[in-house]
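Chemist: Before anything else, here's the structure in question.
The values are calculated or read from the model by the stated rules, or taken from the named source; none is laboratory data. As the structure is a prediction and not an experimental result, all values here were calculated from the model. FYI the Cβ positions are ideal-geometry reconstructions off the backbone, even for glycines, and counts take in every protein chain you see. Quick note on the areas: whole protein, heavy atoms, side chains included, nothing else; ligands and nucleic acids left out. Shrake-Rupley method; radii C 1.70, N 1.55, O 1.52, S 1.80 Å.
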Amino acid sequence: MFSIKANGKRSIKNWSESVIIEPKHYLEPKNIAELKEIVRYCSTKNLSLRVMGAGHSFTPLIATSEVLVSLDQMVGVDFIDQENKLARIWAGTRLKDLGPELFDLGYAMENLGDINEQSIAGAVSTGTHGTGMEFGSLSDQVRGITLLTASG
Ligand SMILES: Cc1cc2nc3c(=O)[nH]c(=O)nc-3n(C[C@H](O)[C@H](O)[C@H](O)COP(=O)(O)OP(=O)(O)OC[C@H]3O[C@@H](n4cnc5c(N)ncnc54)[C@H](O)[C@@H]3O)c2cc1C
């Protein structure tokens, strides 16, 4: 079984409470090693794994009865590439926390939606966008993604 401690949360809701689920396991890995362990375990046992950001999507994207992973413990700016003006950010980072953290480093997101509760990975995955003809969606600001595949 997982060595990562489940936080005991039983019932998970999305923002609008249109999706209420009770996954068998709700896990919050603290680092890549723990995340790899979860992914490998699910792959070996043929368990479905879903990742949750802030749960602000209205459709049942995070719904599962098996394993739900939150990256709420994997947050913050990891690295700034000064030369290319790029920031490497952990997937679980909430936009509301990212703004001040980037500001302190002299950077900013170029555009946001009407709230800033979302995780960066959730917002980028769903085409979250703000307004303004000259701006793309948040995913337009992404230059690269590190993806953990089922093989770990
Ligand atoms: C009040 C409110 C206001 C909103 N305003 C806007 C707006 O102005 N503009 C707009 O475009 N949208 C808006 N939305 C929609 C919202 O931005 C999207 O639903 C967004 O996906 C929410 O991000 P999240 O972190 O909650 O993602 P979640 O809903 O938790 O997840 C979304 C998807 O991303 C996947 N995912 C999350 N994290 C990861 C990860 N680490 N790795 C792989 N997959 C991952 C999930 O599995 C799921 O498929 C709003 C929603 C609400 C409730």
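Chemist: Angle check, please: helix 95-104 long axis (alpha carbons) against the longest principal axis of the chain (alpha carbons), in degrees 0 to 90, nearest 10.
Modeler: So the inclination is approximately 50 degrees.
Chemist: Give the peptides 140-149, 14-23, 66-75 in descending order of average Cβ contacts within 10 Å, highest first.
Modeler: Numbers: 140-149: 10.3, 14-23: 14.5, 66-75: 19.9.
Highest-to-lowest ranking by the protection proxy: 66-75, 14-23, 140-149.
Chemist: Rounded to the nearest percent, how much of the accessible area of the chain (1.4 Å probe, protein heavy atoms only) is carbon and sulfur? Could the numbers behind the result be given before it?
Modeler: Details: 4930 of 9530 Å².
C and S fraction of accessible area: 52 percent.
Chemist: Using the heavy atoms of the protein chains and a 1.4 angstrom probe, tell me the accessible area per residue for the chain in square angstrom.
Modeler: Details: 9530 Å² over 152 residues.
Dividing the accessible area of the chain by its residue count gives 63 Å².
Chemist: Peptides 43-50, 24-31, 120-127, 97-104: what's the order by average Cβ count within 10 Å, highest mean first?
Modeler: Values: 43-50: 12.5, 24-31: 16.9, 120-127: 20.1, 97-104: 14.6.
Averaged packing, sorted descending, gives the order 120-127, 24-31, 97-104, 43-50.
Chemist: Work out the FRET efficiency for Glu66 and Gln141 from their Cβ-Cβ distance, taking R0 = 41 Å, and round it to the nearest 0.05.
Modeler: Values: r = 32 Å, r/R0 = 0.79.
That pair, Glu66 with Gln141, gives E of 0.80.
Chemist: Compute the acute angle (0 to 90°) between the alpha-carbon long axis of helix 32-45 and the principal axis of greatest extent of the alpha-carbon atoms of the chain; round to the nearest 10°.
Modeler: Tilt of helix 32-45: around 40 degrees.
Chemist: May I ask you to order 56-62, 131-137 by the average number of other C-beta atoms within 10 Å around their residues, highest value first? Mind dumping the intermediate values first?
Modeler: Numbers: 56-62: 16.1, 131-137: 10.3.
Descending packing order for the listed peptides: 56-62, 131-137.
Chemist: Moving to a separate point now. Is the shape of the stretch 1-93 rounded, prolate or oblate, going by the alpha carbon gyration tensor and its root eigenvalues a ≥ b ≥ c, with a/c under 1.5 for rounded and a/b larger than b/c for prolate? All intermediate terms of the calculation are to be shown ahead of the outcome.
Modeler: Working: a/c = 2.35, a/b = 1.39, b/c = 1.69.
The shape class here is oblate.
Chemist: Considering only the other residues whose Cβ falls under 14 Å of the Cβ of Ser57, what net charge follows from Lys and Arg at +1 and Asp and Glu at -1? Mind showing how you got there, number by number?
Modeler: Values: positive: Lys13, Arg50; negative: Glu17, Glu117.
Its environment carries a net charge of 0.
Chemist: Further question on the same structure: Taking just the alpha-carbon atoms of the stretch 47-152, what radius of gyration and Dmax come out, in angstrom?
Modeler: When restricted to Cα atoms, the stretch 47-152 yields Rg and Dmax of 14.4, 45 Å.
Chemist: If you don't mind, there's one more thing I want to ask. Work out, step by step, the length gained on full extension between Lys96 and Leu148: first 0.36 nm times the residue separation, then minus their alpha carbon distance; give nm to one decimal.
Modeler: Numbers: separation 52, 0.36 × 52 = 18.72 nm, distance 2.49 nm.
Full extension of this stretch gives 16.2 nm more.
Chemist: At a Förster distance of 22 Å, what's the computed FRET efficiency of Ile20 paired with Ile115, Cβ-Cβ distance as r, to 0.05?
Modeler: Numbers: r = 21 Å, r/R0 = 0.96.
Given R0 = 22 Å and the Cβ-Cβ separation, E is 0.55.
Chemist: OK, next. Can you give the net charge of the other residues whose Cβ lies under 11 Å from the Cβ of Glu117, counting K and R as +1 and D and E as -1?
Modeler: Numbers: positive: Arg94, Lys96; negative: Asp97, Asp114.
Its environment carries a net charge of 0.
Chemist: A further question follows. Give me the net charge of Thr146's neighbourhood, meaning all other residues with Cβ under 15 Å from the Cβ of Thr146; Lys, Arg count +1, Asp, Glu -1. Don't jump to the answer; show the numbers that get you there.
Modeler: Details: positive: Lys36, Arg88, Arg143; negative: Asp78, Asp81.
Its environment carries a net charge of +1.
Chemist: Once fully extended, how much extra length lies between Asp78 and Arg40, figured as 0.36 nm per residue of separation less the alpha-carbon to alpha-carbon distance? Don't jump to the answer; show the numbers that get you there.
Modeler: Values: separation 38, 0.36 × 38 = 13.68 nm, distance 2.42 nm.
Working it through step by step, the gained length comes to 11.3 nm.
Chemist: Evaluate the relative contact order of the chain (contact order divided by residue number), counting alpha-carbon pairs under 8 angstrom at least 6 apart; express in whole percent.
Modeler: Details: 254 pairs, mean separation 29.7, N = 152.
Once divided by the residue count of the chain, the mean separation gives 20 percent.
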